[in-house]
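The values are calculated or read from the model by the stated rules, or taken from the named source; none is laboratory data. On a predicted model such as this, the values are computed, not experimentally measured, just so you know. Every residue, glycine among them, receives a Cβ derived from its backbone with ideal geometry; neighbour counts consider all protein chains shown.
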There are 2 protein chains.
Amino acid sequence: MNTTAPAASPSPRSVLARNKLMRTAERLYAERGFANVSVRQISEAAGQRNNSAVQYHFHGRDELIKAILSRYTDVIEERRIAMVEALGTERTVSLEEHFTCLIMPGVEYHIEAPGPTWGARFFAQALVEPALRAYVIQEHLNTPSHRILDTYGAVRRKDVDPGLLQRHNAMVRQLSVHAFAELEHDLANGRIDRSETEARWRQLGQDLITALCGLSAALLGRS
Amino acid sequence: MNTTAPAASPSPRSVLARNKLMRTAERLYAERGFANVSVRQISEAAGQRNNSAVQYHFHGRDELIKAILSRYTDVIEERRIAMVEALGTERTVSLEEHFTCLIMPGVEYHIEAPGPTWGARFFAQALVEPALRAYVIQEHLNTPSHRILDTYGAVRRKDVDPGLLQRHNAMVRQLSVHAFAELEHDLANGRIDRSETEARWRQLGQDLITALCGLSAALLGRS
């Protein structure tokens, strides 16, 4: 992914500072929104003495945001690639298998995270930010696993008009990105008890797979 | 709706200034994102000599945002109430009628607007802003027309677990709000030709009704 790294190999201390800034920024942005967090607040909350640490390590807010997006996408993409490859390309992949590959890697990431997560809310905000929307769709929702699914998945097997397929894929993205963000928000804000974390992520996964199978069959079945 | 109006009846000049500030803010926020517009920029762009015009007329950014949300919701709610009332409560409302009432008032609003619209992008951003999310859901997505649909609509007729119904309704909201915002964004940014405006809004309406019928049948049919 296109994260911005210094040209020379960064020192261990620099790597640590970058990681701390990324984790802190992801949390603050997720909790308060892009509009309510300054890069100075991020530097301070990350314990950086230099208030322009974000500028120094990331050349500004936008590159910091892109680096955080890449980290979140990469972790989930790694799991999805393994699932997609396990399906193989020898036979028709069912709608349920298709959406299981799309949804479950994110569900598992959120369940296995050692503590609270911020990535889903952060990602949803980036997708809605006017200046970032096109970048997010291009770089983070058009990954190799998505392209393999689009080529071999059940959605593709039907002889579907490309325009309709594109509108379908946009709906799948809109629903799944914002459903993940809302559950993460509800867990973070005590609307759902912490003890239910794993059960609720699994429930969301099953709900989304069921809902997307129904949506996809209805929408693509028309053509 | 809970817009903030001065306690005394406002002067015509004050009403004009408020309207100008609201239209300007809606446009700037929709085009640049909440994070990239200051209240000072809004006052300047609205031609207000006083840089604290937003503070004077709305007591700050949050009340300005709430007033804009109310105006957008009220216009669409008025259309939806008329559609829902025309259905009556004497017979079972079908899934398709249910989602037509939910989706088409917004589609018609965007088609009949005399020029470009900003409301859908503005609304989607507010729904993703951590401090506004609960308010938006409570005040603007739990309107009388929604409550009538929930009571008499097809979704309710099925003997559905309340928790599942709530998760279902959240998905319907996530998909429809963000699908509207994305089409508005694509029209504003020249990804779709202006001459196709009406056709594309109608297509989105039909796509959403079809997709939501499929989603709903799949999700609620399980229980």
Quick check, is A:Ala181 at pLDDT 95 or above, within 22 Å of B:Ala131 (Cβ to Cβ) and assigned to a helix (DSSP H, G or I)?
-> yes
In the range A:42-81, how many are outside any helix (DSSP H, G or I) and either buried (at least 18 other Cβ atoms within 10 Å of the Cβ) or not polar (S, T, N, Q) (or both)?
-> 6
Residue set B:Ile103, B:Ile137; condition in contact with a Leu (Cβ under 8 Å, 6 or more places away or on another chain) and either of a type in the set (Ser, Thr, Tyr) or under 11 Å from B:Arg80 (Cα atoms) (or both); output residue B:Ile103
Quick one: in the range B:4-28, of everything that is under 24 Å from A:Gly33 (Cβ atoms) and of a type in the set (Ser, Thr, Tyr), which residue is surrounded by the fewest Cβ atoms within 10 Å (Cβ to Cβ)?
-> B:Thr4
Examine the range A:204-221 for a residue that is closer than 23 Å to B:Leu212 by Cβ, at pLDDT below 90 and surrounded by fewer than 19 Cβ atoms within 10 Å (Cβ to Cβ), and state whether such a residue exists.
-> yes
Among what's in the range A:92-135 and is charged (D, E, K, R) and over 21 Å from A:His168 (Cα atoms), pick the residue that is nearest to the chain's Cα centre (by Cα).
-> A:Arg121
Can you find even one residue in the range B:141-155 that is within 8 Å of chain A (Cβ to nearest Cβ), part of a helix (DSSP H, G or I) and touching a Lys or Arg at 6+ places or on another chain (Cβ under 8 Å)?
-> no
Answer from A:Tyr135, A:Tyr109 - the residue that is farther than 30 Å from B:Ala188 by Cα and either within 14 Å of chain B (Cβ to nearest Cβ) or surrounded by fewer than 22 Cβ atoms within 10 Å (Cβ to Cβ) (or both) = A:Tyr109
Qualifying residues in the range B:187-223 (those that are among the charged types (D, E, K, R) and facing another protein chain (nearest Cβ under 9 Å)) - the one nearest to A:Asn169 (Cα to Cα) | B:Asp207
Which listed residue is small (Gly, Ala, Ser) and over 26 Å from B:Leu215 (Cβ atoms), from B:Gly88, B:Gly60 | B:Gly60
Answer yes if at least one residue in the range B:118-127 is crowded, with 16+ Cβ neighbours inside 10 Å, aromatic (Phe, Trp, Tyr), outside any helix (DSSP H, G or I) and at negative phi, and no otherwise.
-> yes
Any hit, the range B:29-40, residues being closer than 15 Å to B:Leu69 by Cβ and either exposed (fewer than 14 other Cβ atoms within 10 Å of the Cβ) or at pLDDT 95 or above (or both) = yes
Does the range B:41-63 hold any residues that are under 20 Å from the mean Cα position of the chain (by Cα) and over 30 Å from B:Leu149 (Cβ atoms), and which are they?
-> B:Arg61
Could you list, in sequence order, the residues of the range A:94-130 that are aliphatic (A, V, I, L, M) and touching a residue at least 24 places away in the same chain (Cβ under 8 Å)?
-> A:Leu95, A:Leu102, A:Ile103, A:Met104, A:Val107, A:Ile111, A:Ala120, A:Ala124, A:Ala126, A:Leu127
Pair list, Cβ < 7 Å and 6+ apart or interchain, from the range A:161-185 residues that are at the interface with another protein chain (Cβ under 8 Å from one of its Cβ atoms) to residues that are assigned to a helix (DSSP H, G or I) and among the basic types (Lys, Arg) = A:Ala181/A:Arg121; A:His185/A:Arg121; A:His185/B:Arg133
Would you please name the residue that is nearest to B:Arg18 (Cα to Cα), looking only at residues in the range B:33-64 that are touching a residue at least 40 places away in the same chain (Cβ under 8 Å) and away from chain A (no Cβ under 14 Å)?
-> B:His57
State all residues of the range B:10-32 that are within 21 Å of the chain's Cα centre (by Cα) and away from every other protein chain (no Cβ under 14 Å); if no residue qualifies, say none.
-> B:Arg18, B:Asn19, B:Lys20, B:Leu21, B:Met22, B:Arg23, B:Thr24
